[in-house]
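Single-structure report; data block below.
The values are calculated or read from the model by the stated rules, or taken from the named source; none is laboratory data. Everything numeric in this text was worked out from a predicted model, so none of it was measured. Quick reminder, even Gly has a Cβ in these numbers, built from the backbone with ideal geometry, and neighbours come from all protein chains shown. Keep in mind that these areas ignore ligands, DNA and RNA; they rest on the heavy atoms of the full protein, side chains included. Shrake-Rupley method; radii C 1.70, N 1.55, O 1.52, S 1.80 Å.
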Amino acid sequence: MLIVPSHIKTIHIYRSFLRIAQNWPKDYLRPRSQIKEAIQQRVTQSFRKNKLAQDPEILNTLFQEAEQELKALGRLMANEYKNKYPLSQRMYTPSHNSQYYSVLAATLDQKAAKAGKLQTE
């Protein structure tokens, strides 16, 4: 038996996507290209495009795909893979330039702080 998602469940999935997009961290290195905006745009377009779908099989497939994408975004946002597969200290201190990543991280932090100050002014 095929279970067609209800209107309320569809709205719940839609709002969950928008909530993830809203809470996605800002990328200070790419101020003109934000993942949160790409997520919002894709969700809006996808839900509008599929708004008129009525075939129960198609609706069920679309709903399952949306749930999978939502779970994947949630895992990325929660840093699940970063926590599951942590990098060893050797990765952060390459033998040819042991300070490379610490200097890079400090530079990125400075740029993020500067970008944050510029946006709040």
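Among the criteria (1) within 21 Å of the chain's Cα centre (by Cα); (2) in a helix (DSSP H, G or I), the one residue 60 does not fulfil is (1).
Answer with yes or no whether residue 64 is within 30 Å of residue 46 (Cα to Cα) and at pLDDT 85 or above. Spelling it out, residue 64 is indeed within 30 Å of residue 46 (Cα to Cα) and at pLDDT 85 or above.
Given the structure, is residue 55 in contact with a helix residue (DSSP H, G or I) (Cβ under 8 Å, 6 or more places away or on another chain) and of a type in the set (D, E, K, R)? So residue 55 does not fit the description; no.
Considering only residues in segment 56-88 that are exposed (fewer than 11 other Cβ atoms within 10 Å of the Cβ) and hydroxyl-bearing (Ser, Thr, Tyr), the one that is nearest to residue 26 (Cα to Cα) turns out to be 81.
On inspection, residue 101 qualifies as open to solvent by 90 Å² or more (accessible area, probe 1.4 Å), touching a helix residue (DSSP H, G or I) at 6+ places or on another chain (Cβ under 7 Å) and on the phi < 0 side of the Ramachandran plot. Against the test of being of a type in the set (Asp, Glu) and either touching a residue at least 40 places away in the same chain (Cβ under 8 Å) or touching a strand residue (DSSP E or B) at 6+ places or on another chain (Cβ under 6 Å) (or both), the options 37, 65, 57 yield a single qualifying residue, 57.
Would you call residue 93 over 24 Å from the mean Cα position of the chain (by Cα), surrounded by 13 or more Cβ atoms within 10 Å (Cβ to Cβ) and free of Cβ contacts under 8 Å to residues at least 12 places away in the same chain? For residue 93, the condition - over 24 Å from the mean Cα position of the chain (by Cα), surrounded by 13 or more Cβ atoms within 10 Å (Cβ to Cβ) and free of Cβ contacts under 8 Å to residues at least 12 places away in the same chain - is met. Check segment 85-106 and report whether any residue there is assigned to a helix (DSSP H, G or I) and closer than 24 Å to residue 15 by Cα. No: segment 85-106 contains no residue that is assigned to a helix (DSSP H, G or I) and closer than 24 Å to residue 15 by Cα.
Quick one: which residue in 82, 111, 51 is of a type in the set (Lys, Arg) and either outside any helix (DSSP H, G or I) or at pLDDT 95 or above (or both)?
Answer to the selection: 51.
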